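Just so it is clear, none of the values below were taken in a lab; they were calculated from the coordinates. All values reported here derive from a predicted model rather than from experimental measurement. Positions of Cβ are generated from backbone atoms using ideal geometry, with glycine treated the same way; all protein chains shown enter the neighbour counts.
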Amino acid sequence: MMKFGVIVFPGSNCDDDMVHVLGDVLGQEVVKIWHKEHALPAGFTTDDCIVLPGGFSYGDYVRAGAIAQFSPVMQAVKAHAAAGGYVFGVCNGFQILCESHLLPGVLLRNANQKFICKNVWLKTVTQHSAITADLDLNQPLCIPIAHAEGRYYADAATLDALEANDQVLFRYCTPDGDVNTEANPNGAERNIAGICNAQRNVFGMMPHPERASESVLGNTDGLGMFQSLVAQIMAS
């Protein structure tokens with residue numbers, strides 16, 4: 001069993017969803033960590049994972065994730081990542097990771113300038129990460145999105161480096177797995193929906209796998225990401 005710490009910021013609203021999936025569905029040890037904490041709970045090691053859940057931290061004032069990056073707990077999260085510990089950010093969590101420079105790039109307002117809430121299809125691009133190692137590259141995943149600032153952007157040099165280093169985890173695609181403009185819900189550069197850092201221990205994605213991890217919800221396409229993460233870390 002590994003430990004998960006779910007960070008709670010003012011405005012987080014997917015923290016309980018994440019705690020439920022990690023604890024009740026996967027049977028792992030999970031604790032909530034308030035954003036004003038200056039250290040991770042005792043006993044956390046680099047084999048454990050910190051999760052930044054979705055929501056609207058600090059009301060998305062200034063821009064999504066811009067204020068949350070200054071929360072006291074983020075220094076501990078950065079130290080955990082620098083030591084090789086795992087960090088996973090979903091939606092607002094991805095935005096915070098980019099604002100904190102734990103991941104490259106930024107999340108801009110959707111191309112249509114509207115909040116988008118719907119199911120999308122994702123193509124797993126690589127198995128060279130803990131959250132994608134056990135996923136099928138040929139099986140598109142149906143995962144919900146719910147964001148206003150989900151358009152991944154980075155300059156061409158950064159995008160080229162991400163691709164050269166195999167750091168792109170997911171791209172928006174059609175139900176048949178085709179990556180094209182029509183399948184891109186928010187205008188993200190190169191249809192990018194999720195990435196990891198060069199050290200491959202920090203992951204971020206805009207879609208919500210925790211909302212597609214139980215049969216009672218009619219969709220378990222997101223469960224494999226969490227199962228892969230746990231299996232890979234516990235086997236390391």
Take the alpha carbon atoms of the stretch 161-236, find their center, do the same for the stretch 32-50, and report the distance between the two centers in whole angstrom. 24
Can you tell me the mean projection area, over all orientations, of the convex hull of the stretch 100-161's alpha carbons? Units nm², please. 5.5
Express in % the proportion of alpha carbon pairs of the chain at distances exceeding 26 Å. 29
List the residues, sorted by chain then number, that are 5 or more residues from C173 or on another chain and whose placed amide H is less than 5 Å from its amide H. W121, L122, K123
Taking only the alpha-carbon atoms of the stretch 118-236, what semi-axes of the equivalent ellipsoid follow from 5 times the gyration tensor eigenvalues under a square root, in whole Å, largest first? 21, 19, 12
Label-point separation (nm) for Q127 and N112, each offset 7 Å from Cα along Cα-to-Cβ? 3.5
What full-extension length gain, to one decimal in nm, is calculated for S215 and H101 as 0.36 nm per residue of separation minus the Cα-Cα distance? 37.5 nm
Roughly what % antiparallel, to the nearest 5, for the DSSP beta bridges in the chain? 55
Grab every C-alpha pair in the stretch 1-68, bin the distances at 5 angstrom width from 0 up to the longest one, and report whole percents. 4, 18, 26, 23, 16, 9, 3, 0
Contour minus Cα-Cα span, N165 to W34, at 0.36 nm per residue, comes to 43.8 nm
By per-residue mean of other Cβ atoms within 10 Å, what is the highest-first order of 55-61, 217-223, 207-213? 207-213, 55-61, 217-223
